[in-house]
Amino acid sequence: MRKMNTTNRDRLKKNLPSIVLLVIIIGMTIWSFQSGTAAKEGTPSITSESVIILLIVGLAAGTLGGIIGTGGCSVMLPILSFWLGYPPAIAIGTTLFAVIFTAISGGYGHLIRKNLDKKTTLWLSVFGIIGVILGSILFTLMASQTAILGLILGCAFLLPAIRMIIEGVPRNKKPQQEGNTIPGSIKAKGVFGFIIGVLTGLVGLGGGYALVPGLIYLFSAPVYITMGTSLATMIPLAIVGGGIKLAQGYVALGAGLLLAIGTIIGAQIGAAIIKKFKTTTLKLIFGVYFLYVSLKFIFGYFGINIW
């Protein structure tokens with residue numbers, strides 16, 4: 001009985017921050033709808049059907065993000081843009097805002113499970129914040145150029161997607177060695193973090209499509225440690241980038257909060273089950289989805305819609 005009580009207390013301790021965060025987000029969501037916060041022109045109205053869709057999308061994004069080390073933007077952004085009718089600039093701002101809460105929840109989940117490199121996270125975050133500010137300025141200048149933003153998104157997804165698919169195809173080879181730290185110099189990590197920050201501020205993405213493959217292929221990082229480090233790094237980047245976009249009016253607040261509710265729950269699920277997946281399986285899932293998103297954005301630029 002005592003052992004069972006101890007186990008329950010440990011579980012509560014692990015999940016308490018996410019529970020508190022979830023309560024806060026639900027409160028903010030209720031306030032948002034009661035206060036009737038104005039939506040930017042062209043933003044779809046929230047209906048009972050879209051509430052359910054946004055919650056499900058958030059849950060899926062959070063779960064996948066917790067597994068592959070993303071904040072979920074790569075899942076939420078194309079769905080908002082292609083199927084729910086949000087303008088690209090609003091879709092970018094809204095998903096980055098939602099990732100603030102996803103990253104906090106999932107990053108904490110990986111931290112308590114020791115799935116991240118704290119020093120690398122620090123350096124990526126410090127220089128990444130500088131990049132986010134610059135990227136956000138560039139985003140403001142390009143926000144009206146929706147077609148170009150879509151093309152940039154598609155090209156940004158393409159190379160990492162192909163690389164991950166190639167690496168994810170099972171082969172008869174020695175298993176990759178795992179460890180607890182990410183090798184590489186502080187300078188190199190700082191430069192990489194800055195580039196990630198610029199991309200995050202510009203197109204609302206960074207953790208999944210750029211941080212994960214970048215750490216794996218440029219720094220030979222252990223896969224599981226990479227996932228946690230990526231998600232933890234996205235906490236300050238999303239706070240700064242999402243906060244700027246909220247202030248600029250590029251966030252559909254109601255939709256962003258509903259997505260956040262789903263992602264907070266999903267991120268904990270993903271962080272808990274990540275080690276049940278093989279490394280190659282994670283890469284293959286990651287690569288196939290990103291290739292699909294990449295092609296959809298690129299073909300969309302030329303007026304060709306694919307499902």
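The values are calculated or read from the model by the stated rules, or taken from the named source; none is laboratory data. A quick note: this is a predicted structure, and the numbers were derived from the prediction, not measured. Methodologically, a virtual Cβ is constructed for each residue, glycine included, from the backbone with ideal geometry; neighbour enumeration extends over all protein chains shown.
Here are the numbers for this structure:
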| item | result |
| --- | --- |
| Count of residues meeting criterion [buried (at least 24 other Cβ atoms within 10 Å of the Cβ) and more than 16 Å from Thr233 (Cβ to Cβ)] in region 89-115 | 9 |
| Candidate set: region 80-91, residues that are out of contact with any Phe, Trp or Tyr (no Cβ under 8 Å at 6 or more places or on another chain), assigned to a helix (DSSP H, G or I) and not aromatic (Phe, Trp, Tyr); chosen: the one modelled with the highest pLDDT | Ala91 |
| From the options Leu116, Leu111, Leu77, residue that is part of a helix (DSSP H, G or I) and modelled with pLDDT of 80 or more | Leu77 |
| Residue in region 170-179 that is modelled with the lowest pLDDT, counting only those that are loosely packed, with under 12 Cβ neighbours inside 10 Å and among the polar types (S, T, N, Q) | Gln177 |
| Lys40, sole failed condition from (1) of a type outside the set (A, V, I, L, M, F, W, C); (2) buried (at least 24 other Cβ atoms within 10 Å of the Cβ); (3) under 30 Å from Leu141 (Cβ atoms); (4) at pLDDT below 75 | (2) |
| Among the candidates Val132, Val191, Val169, Val126, residue that is within 23 Å of Ile274 (Cβ to Cβ) and either without any contact (Cβ under 8 Å) to a residue 24 or more places away in the chain or of a type in the set (Val, Ile, Thr) (or both) | Val169 |
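This table checks each residue for (1) out of contact with any helix residue (DSSP H, G or I) (no Cβ under 7 Å at 6 or more places or on another chain); (2) within 15 Å of Gln268 (Cβ to Cβ); (3) not acidic (Asp, Glu).
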residue	(1), (2), (3)
Ser45	yes, no, yes
Ala89	no, no, yes
Ser105	no, yes, yes
Asp117	no, no, no
